[in-house]
Amino acid sequence: MSTETRTTFVPYWDLPQMYAKSVPDLKSLERFDLEIVKQLTHTFLATEMLPRGSEIRRLAHAYLQDYYESNGKLSVRDAIDNFDNRLSRHPICTYRLIRRVVYLLGDLLSEALQPYWTSTLKNWINSSIFWTKSLKYFPPEFPHTVHNFSQHGWLKAENLEIWAEKILRLQHVYNLDPIELAKGWVSYVPSNCTLNSIHCWEISKIATRTDQFANAIQWLELARKRASVDKKLSLPFIEFAFWDAIEIHNLGFDDDIKMELGPWYFDRVISHVPGASQNATKLRDLQYEAFRGNKDKFYSAINYLGICSGDNFKTSREKSKLFCWQEFKIHPSFLIGPMKMEFLSQNPDIIQMYGVLGEEEMESIKSESVIDMRLEDNLVIGYDRAPFTFTVSSSSYHRSLLQSWCKFSKGRDLEKKLERLTGWVVEGQASEVLTVGAYSPGGHLHTHFDRPSSNDALHNSNTSRIITATFYLNDVEVGGRTAFTSAGVGADPIKGSLTLWFNVHNDGTEDFDTYHGGCPLLIGEKWVGNKWVKYAPQFSKGKCGLKPKEKYQFPVNNVYLPVQG
Ligand SMILES: O=C(O)CCC(=O)C(=O)O
Ligand SMILES: [Fe+2]
């Protein structure tokens, strides 16, 4: 891909995935939904403004009911008194939130505006007259959300589908049980948001579409169980889909080569008897047990599963060499206040440094990057049917975070700080502009090597990236580690800290031992800043290696430790 095409970015709001990816837009949608609920509750229903038996009353009621039901509120009073749900921090709550706005609010508004009806629903909702007429229905303090709608149309079903993908990714990576997920539990953290039979069915559809056969079967089994109680879906309808999913699964499954298949199958052919899949194990689990801890990057997707969940694949000997220290020699200023640093790995050296950034600094990086947020249009639904068992190729669903450049006015200070912390040349042309990544729940960045954007650049000593410093800019609630799949360790995203490693060897060749990825975020939001330091400006600083492919080391109070084998 040429540099020109890579640097042509589409403003993020032109893409259908903005509510699936952008943390600020999602938060604004959440506040917007809450205002709609308050307004409908207080004004419309309480004052009986909506005629009894009217369609608009039915739709308003459906909207409120969905809100209250999905949040487990026992009464309207309970809901009004406890409005702070923070829905957008939670993947299941967000699924319900987006669904409510896509379908129920769209219906409600088109009914409210019936007298102005001119065209098909879709054209109508996307037309500016719709928005001009409907502005009075919206709380005035949400110009941003309303502006987004009026400029770019209503939220689309794609947003919801991407959210279903995110739930499926969390299920896959963290081995979550759909029964727990549908109860609103994510990795042992409870919430009041639940999924009914229709939602389970919708998620199964996305699982089928993306070839996640075992997950599709599990979600359909759950849809069937739920439907027999909630009666929201007809059972024969589910049976039909269930039959289909099992057929597709069995058609692709091959017992003789099951360890080479994608991890999306069960370990056996599944019969049509209800509950048959419950005796089966997912290939994900078998393959994980068989291959975990293998350093080769071929197994990076396997190791990602474990490291994201907190595993560590270092041997006990390797672990015994890791420690935390107070650094006061790398720069004279640390004599007064030493920095706390820790080896997460030696050979390759991966260092975490704590308390590096202050509150104000992190806030300005985040807010300035939001304004300049751009998104590479690289989000593709679906896992690749790559011939390799464990890798996900770059054309597949590789990343689901929002990335931007931050032309942070205080960028120089940050560069100076990194220069002091590392002893390498960072300021000015010696490093790239800070990039900022924002993850909403389910957001991830699959394992990769930090290359510059083209192969030429990789082998050009002025553009090749010697160091990555990843700054963690907020407190992450659950998930979102940085997984080093070959080194066998993970870094916890601790606010104000940074993780640092060397991408190349002493002779400038790539060191694939630093293969890494951002783990899916389970709950909350995650913001990172990446500073890439260039190779060429370091010639005056680097220790001159005698052997080829020697790894760079990070000194401890000016002392280089013996290399760990
Ligand atoms: O978010 C993370 O933990 C890692 C980010 C990263 O690897 C990247 O942006 O290149
Ligand atoms: Fe990276």
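The values are calculated or read from the model by the stated rules, or taken from the named source; none is laboratory data. Bear in mind the structure is a predicted one, so any value in this text is a computation, not a measurement. Quick reminder, even Gly has a Cβ in these numbers, built from the backbone with ideal geometry, and neighbours come from all protein chains shown. In case anyone asks, the SASA skips ligands and DNA or RNA and just uses the protein heavy atoms, side chains included. Shrake-Rupley method; radii C 1.70, N 1.55, O 1.52, S 1.80 Å.
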Of all GluC sites (Glu not before Pro) in the range 274-370, the ones in DSSP coil with at most 12 other Cβ atoms within 10 Å are none
The percentage of the accessible area of the range 318-538 (probe 1.4 Å, all protein chains present) made up of carbon and sulfur atoms, to the nearest whole number, is 50
In the neighbourhood of residue 250 defined by beta carbon distances under 13 Å, the net charge of the other residues (Lys, Arg +1; Asp, Glu -1) is -3
Contact order relative to length for the range 175-291, counting C-alpha pairs under 8 Å separated by 6 or more residues, stands in percent at 19
Rounded to whole Å², per residue accessible area for the range 318-538 with a 1.4 Å probe reads 36
With every protein chain in place, the accessible area of residue 407 for a 1.4 Å probe, in Å² rounded to the nearest 10, comes to 140
For the range 162-211, listing chymotrypsin sites (Phe, Trp or Tyr not before Pro) in a DSSP loop whose Cβ sees at most 14 other Cβ atoms within 10 Å gives 188
